[in-house]
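The values are calculated or read from the model by the stated rules, or taken from the named source; none is laboratory data. Remember, it's a predicted structure, so these values are computed and weren't measured experimentally. Heads up, the Cβs are rebuilt from the backbone with ideal geometry, glycines too, and the neighbour counts pull from every protein chain shown.
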Amino acid sequence: MLILIIILIIILIRLKLIGLVADLVSVPAEMAPYYSEALLHVAPVFSASTHAINHPDVPYLAAVSRKDAKLPWDPEVFVFACFNSLYKITPSLFNIWLRILKRVPKSVMWLLKEPADAADHLCRAAKAKGVPCSRLIFTRF
């Protein structure tokens, strides 16, 4: 039965009847009008991430304060975020993010520190493009 549901969702996506599969935590119903994609809400919870499985010690879906995440306390600092594993970040995408950080001086990029050695590589790449590594915040959350 689950296979049939997955196949149906794939067909609906290809027909462009669904553009985004999400749960009410990641995309609350009141935010749906702000999405151009057609949403399919699944319940009770949908998550395409294995982060909670691989890191059971990290509170999953728990609120994290800026202080706990080591993010700038200044409310004028905008926090861009991406919680994909770092190996999924292509050089061209990272260069776009660096250009955005340069254009938005009071901003940081919050990234998942996984795999850990990729964080060092991204810091070196940022420095080479004139963006201090301090503007990249790596987290285990």
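Any chance segment 86-101 includes a residue that's surrounded by fewer than 10 Cβ atoms within 10 Å (Cβ to Cβ), aliphatic (A, V, I, L, M) and modelled with pLDDT under 90?
Scanning segment 86-101 turns up no residue that is surrounded by fewer than 10 Cβ atoms within 10 Å (Cβ to Cβ), aliphatic (A, V, I, L, M) and modelled with pLDDT under 90.
Which condition from (1) over 27 Å from VAL21 (Cβ atoms); (2) at pLDDT 90 or above is the one that ARG66 breaks?
Here ARG66 clears every test but (2).
Of the residues that make up segment 58-69, is at least one free of Cβ contacts under 8 Å to residues at least 12 places away in the same chain, surrounded by fewer than 11 Cβ atoms within 10 Å (Cβ to Cβ), of a type in the set (A, V, I, L, M) and within 25 Å of PRO28 (Cβ to Cβ)?
Scanning segment 58-69, I find at least one residue that is free of Cβ contacts under 8 Å to residues at least 12 places away in the same chain, surrounded by fewer than 11 Cβ atoms within 10 Å (Cβ to Cβ), of a type in the set (A, V, I, L, M) and within 25 Å of PRO28 (Cβ to Cβ), so the answer is yes.
Based on this model, can you work out whether LYS129 counts as farther than 21 Å from ASP68 by Cα and among the charged types (D, E, K, R)? Let's see the steps before the verdict.
On the way: farther than 21 Å from ASP68 by Cα: yes; among the charged types (D, E, K, R): yes.
The answer is yes for LYS129.
Restricting to segment 100-141, count the residues that are without any contact (Cβ under 8 Å) to a residue 12 or more places away in the chain and basic (Lys, Arg).
3
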